[in-house]
Each structure stands twice: as C-alpha cells, then as structure tokens.
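Okay, so here's the structure we're looking at.
The values are calculated or read from the model by the stated rules, or taken from the named source; none is laboratory data. Predicted, not measured: the structure shown is a model, and the values here were computed from it. Please note: Cβ atoms are built from the backbone with ideal geometry, for glycine as well, and neighbour counts cover all protein chains shown. Side chains included, ligands, DNA and RNA excluded: accessible areas come from the protein's heavy atoms. Shrake-Rupley method; radii C 1.70, N 1.55, O 1.52, S 1.80 Å.
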Amino acid sequence: MIEKKKLSVLLDNCLFGNRMICREVTDSTNLEICCARKEGAKEGCLAIAEQQTAGKGRRGRNWSSPPGENLYFSLLLCPQTEPSKASMVTLLMAMAVVRAVRGLGLDGKIKWPNDVVLSGKKVCGILTELFFESDGGYYVVIGTGINVNQTVFAQEIQATAASLKTELDFADVQSTIDRENLLCAVLKSFEQYYGKFQADGDLSGLRMEYEEMLANRNMAVKVLDPKGAWEGVALGINDTGELLVRRPDGGVEAVYAGEVSVRGIYGYV
Ligand code: BTN
C-alpha cells in the first residue's frame, strides 16, 4: 500500500497533495476528485488508489489498474486561464512524468500529446477532464496511470505496453521502484511546469523542453484524421500544444489532439 505518511513527508510544501485521499480500492481516482470537489476540495487535492475497478482511459477506453504495483492518481486543478486552454495541462503532466522517469536512469519520451513511452512502449497514460460549475467557474481533473512495477500484461496490450520495472530489468538493473518517491518527483516537477504555464498563459515557455522529450520529432508520422489519414514529418508543437506536421507538399499543419491521433509509420510510436 502507498504510505500516506511517507508521501506527506516527501511532498513537504508541494501544492499538490495539500489534501490527500488514499484508497485501497476505488472505481476511478478521477471520480474521487469529482466527489471531493462537490464537498469543497481546493486546488491541489490528490487522490491515489492501489487499485481501480473502473479506471478510465482516453476515448472511452478503460485503464487496466491491477493492485499493488503501479501508480493511479488524480489531481484537482483550478487554472486561472480560460477553459479552452485547460487541456494543455495534460502535456505538462507528461513532461513531469518523463522528468521523474529520467531520474531513474530511463530514457523516457513523449508520444504526442501525452503518452509516456520507453523503447517505443507505453508506460503512462493521462486523462484530463473539465467540469463546469453552477457559478460559471470550472475545474480540471487530471488523472495519471503509470505502470511502475507490473511485469505481466494482458495479451491485447503486450505489444504496446511496458512498465518502468520491465525496462530496468531489460537493462539489467533489477529492482523494485519506490512508488512514493516516484510520485513525489512527478508532483514536484508538475508544480514547476504548472506555475510556468499559469504565468505564461500557454506552453510558450516550455515548448523547447517538451520538444526535446518528443519521441517522434523529425520522424515520419501518420495523422489519423477522421476526414482521411495522411503522412508527414512531425516537427514539434506550437504554443497551444498542437503538433506541427510538415506535409509532403512542404506546408506545415497544426494538428489538434481532440480530433486526430498520430502514429509512427511502422508502429505505435
Ligand atoms: C489513457 O488512455 O492513456 C489515459 C489513462 C489514464 C488513466 C488514469 S489512472 C488514474 C486516473 N483515474 C482514471 O480512471 N484514469 C486516470
């Protein structure tokens, strides 16, 4: 079980985790945060679970959440920016996870917009949800699942999923990763990135760092647009987090994550 006391000590003065809800089992930590908000929770409230019975993934998929090995956590954010910019926080969380993963000596990268990958396999997913309130305000729930010490994966995700442990074992550094330390590293980095985002009002000050983490930068990608798939070269992101892709005719298009997804030409990344 994640040790709440250890985590509070490690988090020290971090804004995220100022209030902590720790559950052995829950349906979804995102739902925990929604309930907490209805009871008055403030920005920074953190929900963590050992196991989720209805973990939510992007695009209506579910997020496999077996007990005892991984991290499943959600944060309550009340950004000062307008709601249309709120989804950018997802990219900040991906950066925070990459930084923490690199702290373990692993070569973490981001598959745009927000999957964290190691050796081309997904180790972390992030789901950001926006909720409007009766007073006209809004809040954001950002939920993150990191495959930390899991070593066995269901057949249907074996080809595309990995964990931090499987990658360390592969590099012959066999160890069990301390989840409290990892979570603390993620939250502390997220606090820094979020502060910069709030000050700038967009991703302009973080673009270069994000692009350095981008897995398929300057590589051929397939843009899966509902209006028709096309291929191009991923160049980087703009200040709002859209992916800039050069078309074969030389034109550069900004691709918005809500509408399309992007794959490598030869596989998932
Ligand atoms: C994805 O599909 O890539 C996003 C997965 C997000 C999973 C996390 S686990 C913690 C939080 N609670 C949920 O129900 N989902 C997110």
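A few remarks follow.
- Count of the stretch 18-31 residues which are out of contact with any Asp or Glu (no Cβ under 6 Å at 6 or more places or on another chain), closer than 16 Å to residue 7 by Cβ and within 13 Å of the ligand (Cβ to nearest atom): 2
- In the stretch 46-59, the residue that is surrounded by the most Cβ atoms within 10 Å (Cβ to Cβ) out of those that are part of a loop (DSSP other than H, G, I, E, B) and near the ligand (Cβ under 9 Å from one of its atoms) is 55.
- The single condition from (1) open to solvent by 10 Å² or more (accessible area, probe 1.4 Å); (2) within 14 Å of the chain's Cα centre (by Cα) that residue 133 fails is (2).
- Selection count where residues are away from the ligand (no atom under 14 Å from the Cβ) and within 18 Å of residue 2 (Cβ to Cβ), scope the stretch 65-95: 1
- Just one of the numbered conditions (1) open to solvent by less than 10 Å² (accessible area, probe 1.4 Å); (2) touching a Pro at 6+ places or on another chain (Cβ under 8 Å) is not true of residue 138: (1).
- Count of the stretch 118-130 residues, restricted to those that are open to solvent by less than 60 Å² (accessible area, probe 1.4 Å) and either within 19 Å of residue 28 (Cα to Cα) or within 11 Å of the ligand (Cβ to nearest atom) (or both), is 8.
- With respect to the conditions (1) β-branched (Val, Ile, Thr); (2) free of Cβ contacts under 8 Å to residues at least 60 places away in the same chain; (3) within 16 Å of residue 131 (Cβ to Cβ), residue 33 falls short on a single one, namely (2).
- Residue match in the stretch 158-171 (condition: β-branched (Val, Ile, Thr), touching a strand residue (DSSP E or B) at 6+ places or on another chain (Cβ under 6 Å) and free of Cβ contacts under 8 Å to residues at least 24 places away in the same chain): no
- The criterion of at least 2 residues that are among the aliphatic types (A, V, I, L, M), within 16 Å of the ligand (Cβ to nearest atom) and under 18 Å from residue 101 (Cβ atoms) is met, among helices (runs of 4 or more DSSP H) falling completely within the stretch 136-245, by 179-200.
- Among the residues listed as 100, 41, the single one being assigned to a loop (DSSP other than H, G, I, E, B), aliphatic (A, V, I, L, M) and modelled with pLDDT of 95 or more: 41
- The set of residues in the stretch 1-26 that are within 19 Å of the chain's Cα centre (by Cα) and open to solvent by 50 Å² or more (accessible area, probe 1.4 Å) contains only 15.
- Looking across the stretch 60-117, the residues that are surrounded by fewer than 18 Cβ atoms within 10 Å (Cβ to Cβ), in contact (Cβ under 8 Å) with a residue 24 or more places away in the chain and farther than 20 Å from residue 150 by Cβ come down to 78, 80, 81, 83, 85.
- Yes/no for residue 192 being modelled with pLDDT of 95 or more, closer than 29 Å to residue 5 by Cβ, touching a helix residue (DSSP H, G or I) at 6+ places or on another chain (Cβ under 9 Å) and open to solvent by 60 Å² or more (accessible area, probe 1.4 Å): yes
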